[in-house]
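The values are calculated or read from the model by the stated rules, or taken from the named source; none is laboratory data. Since we're looking at a predicted model, the values are computed, not measured. When we count neighbours, we look across all protein chains shown, and the Cβ atoms used for this are built from the backbone with ideal geometry, even at glycine. All accessible areas refer to the heavy atoms of the entire protein, side chains included, with ligands and DNA or RNA removed. Shrake-Rupley method; radii C 1.70, N 1.55, O 1.52, S 1.80 Å.
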Amino acid sequence: MVKKEYLDLYYQMVVIRRLEERAAELYQQGKIGGFLHLYIGQEAVSTGIISVRRPEDRVITAYRDHGVAINCGVSAKEVMAELLGKATGCSKGKGGSMHLADVTKNFWGGHAIVGAHLPIAAGLALGDVYQNQKAVTICMFGDGATNIGFFHEALNLSKVWNLPVLWVCENNKYGMGTAVERASAVPEIALKADAYGMKRDQVDGMDVMKVRQVAARMIEEIRAGGGPQFLEVFTYRFRGHSMGDPERYRTPDEVRKWQQDDPIGIYHNYLLEHNIATEDELQKTIREAEEEVEEAVRFAEASPEPAPEDLFKHVYVSETC
Amino acid sequence: MAEMTLVEAIRRAMDEEMARDERVFIVGEDVGKRGGVFRATLGLYEKYGPERVVDSPLAEASIVGVGIGAALYGLRPICEIQFADFIFPAFNQIVSEAARMCYRSNGEWTVPLVIRAPYGGGIGGGLYHSQSVEAFFAHVPGLKVVIPSNPYDAKGLLKAAVRDPDPVLFLEPKKGYRLLRGEVPEEDYVVPIGPAHISRPGRDISLFTYGMMHYYALQAAEMVAAEGIEVEVVDLRTLAPVDRTTILESVRRTGKALIVHEDNLTGGYGAEVAATIAEGAFEFLDAPVRRLCGPDVPGVPFSHPLQDWFMPNAQKIADALRALAAY
């Protein structure tokens, strides 16, 4: 990795953080409606994994997707505009927070039905097998998804058919407000991969460099034809499940303890300790990230709403139906 | 032209499409080595190999989910659900995923997917091998729902479905797999998705139906013709998006309408046809719109007499036509 790449990861993580902090403000101001699930605290997970994918490797995730979109290369402008439901958003206002997507970036979307995108990920990977392509499908989901049928069907089938999928469970310890050990018979989620004879690993999701290293190895093993693998990433969301979550299920002490392991802070210290960047350079990177986010907010707020006739567009491919 | 059964025509359609387009493949339970429970895919595994006729785990949500993913990728999957009764584990994938992808992505993602499923009663299958499921799916914008009533249409409609850029649920009347026979051209042709077909013209009553019930509707029309009642039989063929024009034009000619399906009455597809007529041809009606449907019971019971009481048939349809003619 060259210095620019290190700083780029830092930049991405800060953009995600600032973008979501601004989104939370806009939500409080009533400018973003509906539901808003923040990724704050989990930035190192998608930043690390997606940093080692090749352009042909596709990414598909659940509804907590703002960070994943940014890491895949969707601009902060398009993400923020989508959060505001504007015509300039990456889903032209039809999707909103949970349904960001941009196929040109090989980002196959946020998906709001828990676990439902796992069989679809397997199908995308089947496409690569069918067409003799060497791409890997990276499918991300939360710990809650590992208790639903889709998860088990998709893991089983991916192994039986030797599909090139990296299954990534972002274990942030709670499925909404229910702790993993209260919902999963096997609270050590990675063990579920054993039921499907699948190679697995676990990694500290607060450390972007560790995530990168493990993901890089797994992705290349999968690309080499070794079949699907399962990665459990230990992480924590610093905010509620969505805006307006009273968070009765966890204590402020627990949240504070995890916030000491801030993924941006850990990486900040890493870059300083390894003499990769100076404090001044990092502060400059933060300012640049903030500027991009502020520009995105201006762009989103100034953007037009979708036109009423857009309601009826794209129900079918052929509009004549 | 050769005479074929319905299931042979369906097999022929898949065979021709697989030969024409390498992106077309079949996935489902026992579709490969076994050739399918109703032998719809018989011989295709031997001809095209295990990569293109894929035996799946017994997991409907994944059969459809994988089909969606492969369709997004650019392939042309044909997913087989062994019985329409087994489609409900895949309901989310069909309704929330397949039907919505084009809309949520503003046309960027397309799901050229066909889901084939044998539906309907009359074969002693009992509660879980006899259901008609069309009403659940015809309700869903973004999804196309097609039901053939004869071998010619089955081949042409299935080929059209494979080539269609949108997800198509193709429901096959399983009682008709070997019962329904007809001339089927050897050559390539499609029957377009969308238009209904007037299979018997008549001036007194419009009879709207589809699938297996079309077979009995023609028999009933023949029975009452001897009594001087001329019935126009309209085979809807595509339930979604429906051909409202043909429905309304027929009723405007006849002034009376009977809708027949074996799915149960309440909230059934016939209600949509009746509403279409009420909205678009009210002033042409000479009688109330009538529906002859399966009864509102939770499933088709097993016992033969119970099953017979459940199912509409030519006699029941003829009686309904006579009552409507006398109104």
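Checked against the criterion of being part of a strand (DSSP E or B), surrounded by 22 or more Cβ atoms within 10 Å (Cβ to Cβ) and in contact (Cβ under 8 Å) with a residue 60 or more places away in the chain, segment A:68-91 has no qualifying residue.
Scanning segment B:290-306 for residues that are closer than 13 Å to B:LEU265 by Cα and either outside any loop (DSSP other than H, G, I, E, B) or outside the structural domain of B:THR276 (by TED's automatic domain parsing) (or both) returns B:ARG290, B:ARG291, B:LEU292, B:CYS293, B:GLY294. Checked against (1) open to solvent by less than 50 Å² (accessible area, probe 1.4 Å); (2) closer than 30 Å to B:VAL190 by Cα; (3) part of a helix (DSSP H, G or I), B:LEU239 meets all criteria but (3).
Quick one: is B:GLU17 within 30 Å of A:THR104 (Cα to Cα) and away from every other protein chain (no Cβ under 12 Å)? Reasoning before the result, please.
Details: within 30 Å of A:THR104 (Cα to Cα): yes; away from every other protein chain (no Cβ under 12 Å): yes.
For B:GLU17, the condition - within 30 Å of A:THR104 (Cα to Cα) and away from every other protein chain (no Cβ under 12 Å) - is met.
Within segment A:109-130, being crowded, with 21+ Cβ neighbours inside 10 Å and at the interface with another protein chain (Cβ under 7 Å from one of its Cβ atoms) holds for A:ALA116, A:PRO119, A:ILE120, A:ALA121, A:ALA122, A:GLY123, A:LEU124, A:LEU126, A:GLY127.
Take the residues in segment B:163-183 that are closer than 19 Å to B:PRO112 by Cβ and more than 15 Å from the chain's Cα centre (by Cα), then tell me which one is farthest from the other protein chains (Cβ to nearest Cβ).
My answer is B:ARG163.
Within segment B:67-98, the set of residues being more than 9 Å from chain A (Cβ to nearest Cβ), surrounded by 21 or more Cβ atoms within 10 Å (Cβ to Cβ) and under 21 Å from A:GLY95 (Cα atoms) comprises B:ILE94, B:ALA98.
Residues in segment B:247-272 that are touching a Lys or Arg at 6+ places or on another chain (Cβ under 9 Å), assigned to a helix (DSSP H, G or I) and within 24 Å of B:TRP309 (Cα to Cα): B:GLY270, B:ALA271. Test B:GLU22 against the stated conditions and say whether it is more than 23 Å from the chain's Cα centre (by Cα), charged (D, E, K, R) and within 13 Å of another protein chain (Cβ to nearest Cβ). Yes, satisfied.
Screening segment B:160-213 for strands (runs of 3 or more DSSP E) wholly inside it with 1 or more residues that are touching a Gly at 6+ places or on another chain (Cβ under 7 Å) and not assigned by TED's automatic domain parsing to the domain that holds B:ALA257 returns the ranges B:168-173. Among the residues making up segment A:143-159, a single one is among the small types (Gly, Ala, Ser), more than 10 Å from every other protein chain (Cβ to nearest Cβ) and open to solvent by less than 30 Å² (accessible area, probe 1.4 Å): A:ALA145.
If the condition is being within 11 Å of B:ASP15 (Cβ to Cβ) and either free of Cβ contacts under 8 Å to residues at least 40 places away in the same chain or open to solvent by 50 Å² or more (accessible area, probe 1.4 Å) (or both), then segment B:37-51 contributes B:THR41, B:LEU42, B:GLY43, B:LEU44, B:LYS47, B:TYR48. Taken over segment A:255-285, the criterion of being assigned to a helix (DSSP H, G or I) and either loosely packed, with under 13 Cβ neighbours inside 10 Å or touching a strand residue (DSSP E or B) at 6+ places or on another chain (Cβ under 6 Å) (or both) is satisfied by A:ARG256, A:LYS257, A:GLY265, A:ASN269, A:GLU273, A:GLU279, A:ASP280, A:GLN283. Taking the criterion of being farther than 21 Å from A:GLU21 by Cβ and in contact with a Leu (Cβ under 6 Å, 6 or more places away or on another chain), the only residue of segment A:247-288 that qualifies is A:ALA277.
Table: residues versus (1) modelled with pLDDT of 95 or more; (2) among the aliphatic types (A, V, I, L, M); (3) more than 23 Å from A:ARG54 (Cα to Cα).
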position	(1), (2), (3)
A:LYS192	yes, no, yes
A:VAL203	yes, yes, no
A:MET206	yes, yes, no
A:LEU231	yes, yes, no
A:ASP245	no, no, yes
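Here is a list: B:TYR210, B:TYR216. Which entry is within 25 Å of B:LEU157 (Cα to Cα) and open to solvent by 10 Å² or more (accessible area, probe 1.4 Å)? Testing whether each residue is within 25 Å of B:LEU157 (Cα to Cα) and open to solvent by 10 Å² or more (accessible area, probe 1.4 Å) leaves just B:TYR216.
Just to be sure before I move on: is A:ASP201 in a strand (DSSP E or B) and open to solvent by 40 Å² or more (accessible area, probe 1.4 Å) in the structure I sent? It is true that A:ASP201 is in a strand (DSSP E or B) and open to solvent by 40 Å² or more (accessible area, probe 1.4 Å). Open to solvent by 10 Å² or more (accessible area, probe 1.4 Å), within 14 Å of chain A (Cβ to nearest Cβ) and modelled with pLDDT of 95 or more, is that true of B:HIS129? When the stated conditions are applied, B:HIS129 does not pass them.
Whether any residue in segment B:305-327 is modelled with pLDDT of 95 or more, farther than 29 Å from B:LEU157 by Cα, among the hydroxyl-bearing types (Ser, Thr, Tyr) and open to solvent by 40 Å² or more (accessible area, probe 1.4 Å) is what I want to check. Yes, there is a match, as at least one residue in segment B:305-327 is modelled with pLDDT of 95 or more, farther than 29 Å from B:LEU157 by Cα, among the hydroxyl-bearing types (Ser, Thr, Tyr) and open to solvent by 40 Å² or more (accessible area, probe 1.4 Å). Within segment A:45-61, is even one residue without any contact (Cβ under 8 Å) to a residue 60 or more places away in the chain, crowded, with 22+ Cβ neighbours inside 10 Å and outside any loop (DSSP other than H, G, I, E, B)? No, segment A:45-61 contains no residue that is without any contact (Cβ under 8 Å) to a residue 60 or more places away in the chain, crowded, with 22+ Cβ neighbours inside 10 Å and outside any loop (DSSP other than H, G, I, E, B). Residues that are open to solvent by 100 Å² or more (accessible area, probe 1.4 Å) and more than 11 Å from A:ALA81 (Cβ to Cβ) were ranked within segment A:298-310; the one that is farthest from the other protein chains (Cβ to nearest Cβ) is A:PRO308. In this structure, is B:GLU222 in a helix (DSSP H, G or I), surrounded by fewer than 21 Cβ atoms within 10 Å (Cβ to Cβ), free of Cβ contacts under 8 Å to residues at least 40 places away in the same chain and of a type in the set (D, E, K, R)? Taking the combined requirement at face value, the residue satisfies it.
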